[in-house]
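A.B. asks: Got a structure for you, written out below as structure tokens; questions coming shortly.
The values are calculated or read from the model by the stated rules, or taken from the named source; none is laboratory data. Quick caveat, the model's predicted, so the values are computed rather than measured. Methodologically, a virtual Cβ is constructed for each residue, glycine included, from the backbone with ideal geometry; neighbour enumeration extends over all protein chains shown. The protein model used for the area step is the full one, side chains on, heavy atoms only, and it has no ligands, DNA or RNA in it. Shrake-Rupley method; radii C 1.70, N 1.55, O 1.52, S 1.80 Å.
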Amino acid sequence: MELQWGLLIVLYPFITGLVAGAFILASLERVFNVHAVEPTYRLALLTALAFMMVAPLPLQLHLGHPERSFEMYLTPHTTSAMAMFGFIYLWYLMAVLVIEIWLEYRKEIVLAWQQASGIRRAAYAVLALGARNISDEALRVDDRVGKVVTYIGIPSAFLLHGYVGFIFGSIKANPWWSTPMMPVVFLFSAMVSGIALVMLMYMLTTWYRRVAIDMECLDTIARYLLYAFLIDFSLEMIDLLHRIYEADESFKSLDFMVHTRLFVSQIVVQIILGTVVPIAMLAAAPLVRHARGRRAVYLMAGVLTLVGIFAMRWNVVIGGQLLSKSFLGYTTYKLQFATRDGLGVAIGLMMLPFVLLAALVTVLPPWPASAYRRRSSLPSARPSS
């Protein structure tokens with residue numbers, strides 16, 4: 001039997017999870033006043049935007065006629081979770097990410113508009129939307145409005161990725177998916193993957209630019225990554241214990257599949273290498289006194305975290321389809337390369353967000369200290385600590 005959902009549908013929740021997690025990390029500085037992570041605030045927003053633009057492409061390529069996806073806007077069905085995703089996607093992209101990034105970069109856009117010439121001047125004029133006022137009062141208004149947008153964006157990020165878990169959890173015919181814990185587990189795993197990605201991107205970009213890493217920022221990100229990881233792992237274990245205790249008619253079939261077909265991907269890759277090992281590394285990192293040693297620990301923990309979260313998506317999407325609904329047999333999934341749902345297309349899709357991020361960083365650089373409009377330095381923008 002050919003599986004209906006292949007590798008592209010594995011990528012879909014993985015990429016959307018990176019978007020939600022990166023935005024949650026950015027909100028730590030904007031809403032919760034965790035100033036230590038400010039060096040990654042703009043980078044996290046741009047990362048979320050780059051991956052958000054690619055998020056629907058796996059679904060588009062999976063469809064036999066991707067142009068039919070526009071029907072969800074022309075004939076909306078409010079009772080369909082998949083159909084409503086189009087509106088959730090547009091809301092999160094246009095009303096949250098784009099607006100917050102524009103407010104954050106408006107001063108730099110106006111200054112670049114005034115200083116550039118030719119095509120660059122015209123491009124920045126379009127980005128500025130005609131708003132030339134960059135006085136202190138105008139910037140304070142931008143900061144207040146941006147904070148409100150972030151408040152709106154946090155539940156929107158939860159909705160964006162929680163709905164993906166809701167789709168799987170609501171399929172009652174599949175015992176591997178049908179659990180009310182699925183949306184919550186997907187949400188916290190999204191936070192884990194997004195935070196890990198921004199941490200790795202921050203380390204990579206500082207190394208590429210040959211500048212010193214802010215170890216206070218890196219240590220703080222790693223600490224919040226550990227917190228989210230512990231919650232995510234606890235939720236997954238609670239769900240597992242509940243399944244074991246309940247032991248319904250599907251338990252023997254699920255247990256057999258975990259010990260055979262999914263043993264490597266779930267037990268070895270997801271749980272041991274992708275969860276237990278990075279949690280142990282993040283917990284032990286404060287014991288490493290040398291900054292270079294901690295950076296190496298964070299680098300390895302971040303890579304293993306992304307591998308583990310991807311394995312979790314694989315085990316949910318692919319693993320859930322390997323089981324017969326009548327519990328009478330199993331099937332296998334053969335990953336191909338040069339097909340519509342093949343490995344080659346998946347690799348291209350995973351590279352595309354980084355290409356878009358490089359383009360965004362060229363137009364809206366997030367890291368030079370002179371480019372930062374620190375909100376704490378604005379008059380009356382924030383109480384001094």
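A.B. asks: If residue 285 passes every condition in (1) within 27 Å of residue 36 (Cα to Cα); (2) out of contact with any Leu (no Cβ under 9 Å at 6 or more places or on another chain) but one, which one does it miss?
C.D. replies: Result: residue 285 passes all but (2).
A.B. asks: Just one of 360, 328, 335 is surrounded by 15 or more Cβ atoms within 10 Å (Cβ to Cβ) and either among the hydrophobic types (A, V, I, L, M, F, W, C) or in a loop (DSSP other than H, G, I, E, B) (or both); which is it?
C.D. replies: On the way: 328 fails: surrounded by 15 or more Cβ atoms within 10 Å (Cβ to Cβ); 335 fails: surrounded by 15 or more Cβ atoms within 10 Å (Cβ to Cβ).
The unique qualifying residue is 360.
A.B. asks: Name the residue that is farthest from the chain's Cα centre (by Cα), counting only residues in region 1-26 that are buried (at least 22 other Cβ atoms within 10 Å of the Cβ) and farther than 23 Å from residue 169 by Cβ.
C.D. replies: Filtering region 1-26 for residues that are buried (at least 22 other Cβ atoms within 10 Å of the Cβ) and farther than 23 Å from residue 169 by Cβ, the one farthest from the chain's Cα centre (by Cα) comes out as 26.
Table: residues versus (1) assigned to a helix (DSSP H, G or I); (2) modelled with pLDDT of 95 or more; (3) among the charged types (D, E, K, R).
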{"site": "261", "(1), (2), (3)": "no, no, yes"}
{"site": "271", "(1), (2), (3)": "yes, no, no"}
{"site": "279", "(1), (2), (3)": "yes, yes, no"}
{"site": "286", "(1), (2), (3)": "yes, no, no"}
{"site": "293", "(1), (2), (3)": "yes, no, no"}
{"site": "297", "(1), (2), (3)": "yes, yes, no"}
{"site": "303", "(1), (2), (3)": "yes, yes, no"}
{"site": "306", "(1), (2), (3)": "yes, yes, no"}
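A.B. asks: Which residue pairs have Cβ atoms closer than 6 Å, lie 6 or more positions apart in sequence or on different chains, and pair a first residue in region 315-336 that is more than 16 Å from residue 177 (Cα to Cα) with a second residue that is modelled with pLDDT under 85 and surrounded by fewer than 17 Cβ atoms within 10 Å (Cβ to Cβ)?
C.D. replies: Pairs found: 331/1; 336/342.
Results for (1) modelled with pLDDT of 90 or more; (2) out of contact with any helix residue (DSSP H, G or I) (no Cβ under 6 Å at 6 or more places or on another chain); (3) within 15 Å of residue 278 (Cβ to Cβ); (4) outside any helix (DSSP H, G or I), shown as yes or no for each residue.
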{"site": "176", "(1), (2), (3), (4)": "no, no, no, yes"}
{"site": "195", "(1), (2), (3), (4)": "yes, no, yes, no"}
{"site": "199", "(1), (2), (3), (4)": "yes, no, yes, no"}
{"site": "220", "(1), (2), (3), (4)": "yes, no, no, no"}
{"site": "227", "(1), (2), (3), (4)": "yes, yes, yes, no"}
{"site": "231", "(1), (2), (3), (4)": "yes, no, yes, no"}
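A.B. asks: In region 35-50, is there at least one residue being of a type in the set (D, E, K, R), within 22 Å of residue 223 (Cβ to Cβ) and over 10 Å from the mean Cα position of the chain (by Cα)? Steps first, answer last, please.
C.D. replies: Initially, region 35-50 is screened for residues of a type in the set (D, E, K, R), giving 38, 42.
Next cut, within 22 Å of residue 223 (Cβ to Cβ) only: 38, 42.
Of the ones still in play, those that are also over 10 Å from the mean Cα position of the chain (by Cα) are 38, 42.
For region 35-50, residues of a type in the set (D, E, K, R), within 22 Å of residue 223 (Cβ to Cβ) and over 10 Å from the mean Cα position of the chain (by Cα): present.
A.B. asks: In region 191-225, what residues are open to solvent by 10 Å² or more (accessible area, probe 1.4 Å) and either of a type in the set (Val, Ile, Thr) or over 27 Å from residue 313 (Cβ atoms) (or both)?
C.D. replies: Passing the criteria: 205, 207, 208, 209, 210, 211, 212, 213, 214, 215, 216, 219.
A.B. asks: Moving on. In the set 158, 168, 188, which member is within 30 Å of residue 311 (Cα to Cα) and open to solvent by 60 Å² or more (accessible area, probe 1.4 Å)? Steps first, please.
C.D. replies: On the way: 168 fails: open to solvent by 60 Å² or more (accessible area, probe 1.4 Å); 188 fails: open to solvent by 60 Å² or more (accessible area, probe 1.4 Å).
Just a single option satisfies the conditions, and that option is 158.
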